[in-house]
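Where a number appears in this text, it was derived from the coordinates with a stated rule and is not lab data. Source: prediction; values computed, not measured. In this analysis, Cβ positions are derived from the backbone assuming ideal geometry, glycine residues included, and neighbour counts consider all displayed protein chains.
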Amino acid sequence: MLALIRPDSWNLPLFLHILGATVLFGTTATVAIAGFAARSKPDYAQLLARVAQRTFMLGIVPAYIVMRVGAQWIDGKEFPNGDEPGWVGVGFIVSDAGVILLLIVGILLAVRRQRVLLAVPILTALYVAALAVAWVSMSGKP
Amino acid sequence: MDTYQWLLVFHVTGAFLLLGGGAIAAALSLSALGRERPSEIVLLFGLIRIAVVAIMAGTLLAFVFGLWLVHEAGYGYADGWVIAAILLLIVANAMGGMGGKRDEATAKLARELAASGDAPSQELKARVRDPISLTLSYGSGLVLIAVLALMVWKPGA
């Protein structure tokens, strides 16, 4: 039961971290959904590219920042000496390697060339899967 | 991993599907607000169905494994934060369900208009921006965020 007891000062950063992560998951999935739909409905490719671009700027970017700031904040409180266990490392790998992937997605969406946009749903679907690995690791703490 | 950790994995997975599904629905319905062609609204409302599946699966997982966790972790079902979380989850689902029904009627109108010329319609535009539907749907999301806060702070535990 000791694992369930958490100092009150950890709650706000944990809340921000989880809220940011869930919104990041949903908005990244939205870009993947819009991208795959654009492949099967080319008549609406422009509309769906716009949906993906707006969701990236107004959803993914702020959610990533909230998730990452919350992660760093609670990490500093829970492991002040930097002695993080492996499950924390999984979270940092997914978030920090993910930023490179998300940057590529952002550039592809800004370019908005039809052939280039084909990569967007694949990259975002990969990141959705990586986020799932992170939440399983961070909640299960194996 | 022990039983508690496995239960937490499924509970958290439910929370991600529930809140993530809400984020998908919000992003797509916000995109529909600015559209006028009925076929575009049909497409965006159609994609929201994927979010609805995630929300339903997430609600079930979060609720069932949440109740199991209360028992496993030694909390009481009569604890104030547990009762409040269950009530708020029911409220969020009821609000989302009512908003969803209104959106279904809007999608039906959009399909009819798309099949008969796909011309923009003032009635469809008004229904897509219906303040009651928007309040129900986005209000449901805010209530879910309150549930998340209860899960983290567990006031009175």
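Can you bin the protein assembly as shown into rounded, prolate or oblate? Criterion: square roots of the alpha carbon gyration tensor eigenvalues sorted a ≥ b ≥ c, rounded for a/c under 1.5, prolate for a/b above b/c, oblate for the rest. Judged from the Cα gyration tensor, the protein assembly as shown comes out oblate (a/c at least 1.5, b/c at or above a/b). Sequence-ordered 3J(HN,Hα) estimates for the range A:97-112 from the Karplus curve with 6.51, -1.76 and 1.60 and θ = phi - 60° stand at 6, x, 5, 5, 4, 5, 4, 4, 4, x, 5, 4, 5, 6, 5, 6 Hz, glycine and proline given as x. Ranked by how many other Cβ atoms sit within 10 Å of their own Cβ, fewest first, the residues A:I122, A:I74, B:I86 fall in the order A:I122, B:I86, A:I74. Panel order for B:Y4, B:Y77, by other beta carbons found within 10 Å of each beta carbon, from fewest to most: B:Y77, B:Y4.
Going by the alpha-carbon gyration tensor, a ≥ b ≥ c the square roots of its eigenvalues, is the range B:3-153 rounded (a/c under 1.5) or, if a/c is not under 1.5, prolate (a/b greater than b/c) versus oblate?
prolate
Full extension of the chain between A:V61 and A:A132 yields a length gain of 23.7 nm, computed as 0.36 nm times the residue separation minus the alpha carbon distance. Shown is the FRET efficiency for B:W68 and A:I122, computed with R0 = 35 Å from the Cβ-Cβ distance and rounded to the nearest 0.05: 0.45.
Computed over chain A, the range of Cα coordinates on each principal axis works out to 57, 24, 24 Å, biggest value leading.
With a Förster radius of 22 Å applied to the beta-carbon distance between A:E84 and B:D79, the computed FRET efficiency rounds to 0.10. For the segment A:128-136, counting C-beta atoms of other chains within 10 Å of every residue's C-beta and taking the mean gives 2. With R₀ set to 35 Å, the beta-carbon distance separating A:A110 from B:D2 gives a calculated FRET efficiency near 0.15. Going from the fewest other Cβ atoms within 10 Å to the most, the residues A:R6, A:R113 appear in the order A:R113, A:R6.
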